[in-house]
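Here's the structure we're looking at; comments come further down.
Coordinate-derived values only; no laboratory data. Just so we're clear, the structure is a prediction, and the values are computed from it rather than from any experiment. Positions of Cβ are backbone-derived with ideal geometry, glycine not excepted, and every protein chain shown enters the neighbour counts.
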Amino acid sequence: MKTCLIAAVLLAAPIPALADKLDDLKEAGTVRIAIGNEPPFTAIGADGKVSGAAPDVARAVFAALGVADLEASILDYGAMIPSLQAGRVDAITAGLFMKPERCDAVAYSEPILCDAEALLLPAGNPKGFQSYEDFAKDPEARLGTPGGGTEEKLALDAGVPRDRLIVVPDPQSGLKMVQDGRIDAYSLPVLSLNDLLAKSADDTLEVFAPVQGAPVYCDGAAFNKRDTDLRDAFDAELAKLKESGEFAKIVEPYGFSAQAAISTNRETLCAQE
């Protein structure tokens, strides 16, 4: 009977270590993160410094929370969540995109890095294209996409007729076709188009992202389910970072769209199949 009473008291008592996770990290001065060493999401420099878009955002947020250093462990993606759940790392900042089953297993922050559908088109977007439906409504508009790819399917589903949907064999061809005016826009994920445009150094073109109405896939910093207070504190500082414009300064040089992350939220992404 006495043993049962002790057990009941222990179960009912709060666990300070869980409630004070942020305080523990501040005292240690370090947060342990899992990364995948997959540029541009995450990377390890020749000097051993942790970089990449996800750790750089995490570094800025944790610094604002009073935790100065990141200690990174390179893990396979399949090992990240088990390591988090076992307490071997404090957070995952590795381009681990939100999916319903992952949202059930970890406490995600609001979106950080997103790969969304985008459009490569003339600078200033003179025809105002923002969605695949816009191409369907304009009887003169021609859109280029990879054959059999996600963009082609999304455009067809939006009503773009087959005769105005131009199959493009490779990104360089898509760039040239937009430059020559043979198509009004070329569609690929934002990371791919930002890289293509950067390498072309063509300031007569721009990337519009995200394509309105198209799926957006994002990661967030992932925390142990018991550390929701830490996640909430992270979210509060992340929101400030986005509002100040510093978030865009961190992620956009890596090719990510800050607006794609700002335009969606955890609830939507976790419900997206």
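Considering only DSSP beta bridges where both residues belong to the chain, give the percentage that are antiparallel (nearest 5).
Beta bridges within the chain, antiparallel portion: roughly 55 percent.
For the range 34-142, what are the per-bin percents of Cα-Cα distances with bins 5 Å wide, up to the bin holding the maximum?
Per 5 Å bin, starting at zero, the Cα-Cα P(r) for the range 34-142 comes out as 2, 10, 17, 18, 14, 8, 8, 8, 8, 4, 2, 0 percent.
Across the range 116-208, what fraction of all alpha-carbon pairs, as a whole percent, falls in each successive 10 Å bin from zero upward?
For the range 116-208, the binned pair fractions read 18, 59, 22, 1 percent.
Can you sort Y186, Y108 by how many other beta carbons sit within 10 Å, fewest first? Write out the running numbers ahead of the final one.
Details: Y186 28, Y108 24.
Going from least to most buried by this count: Y108, Y186.
How big is the equivalent ellipsoid of the range 134-273 along its three axes, where each semi-axis is √(5λ) from the Cα gyration tensor, reported in whole Å from largest to smallest?
Result for the range 134-273: semi-axes of 33, 18, 12 Å.
When you count, for each residue, the other Cβ atoms within 10 Å and take the mean per peptide, how do 45-52, 83-90 rank with the highest first? List each step's numbers first, then the result.
Numbers: 45-52: 12.9, 83-90: 17.4.
Descending mean neighbour count gives 83-90, 45-52.
If each DSSP helix of 4+ residues adds -39,500 (n - 2.57) and the sum is divided by the residues in the chain, what number results at 222 nm, nearest 500 deg cm²/dmol?
That calculation yields -11500 deg cm²/dmol at 222 nm.
Counting other beta carbons within 10 Å of each residue's own, what order do L193, L25 fall into, fewest first?
Listing L193, L25 from fewest to most nearby Cβ atoms yields L25, L193.
Among the DSSP beta bridges whose two residues both lie in the range 105-218, what percent are antiparallel, rounded to the nearest 5?
Details: 11 of 18 bridges.
DSSP beta bridges in the range 105-218 are roughly 60 percent antiparallel.
Which of D157, D138, D180 comes first, and how do the rest follow, when ranked by fewest Cβ neighbours within 10 Å?
D180, D157, D138
Using the structure shown, list the pairs from K153/K249; K127/K176; K99/K225 with a Cα-Cα distance above 26 Å, or answer none.
Among K153/K249; K127/K176; K99/K225, the Cα-Cα distance tops 26 Å for K153/K249.
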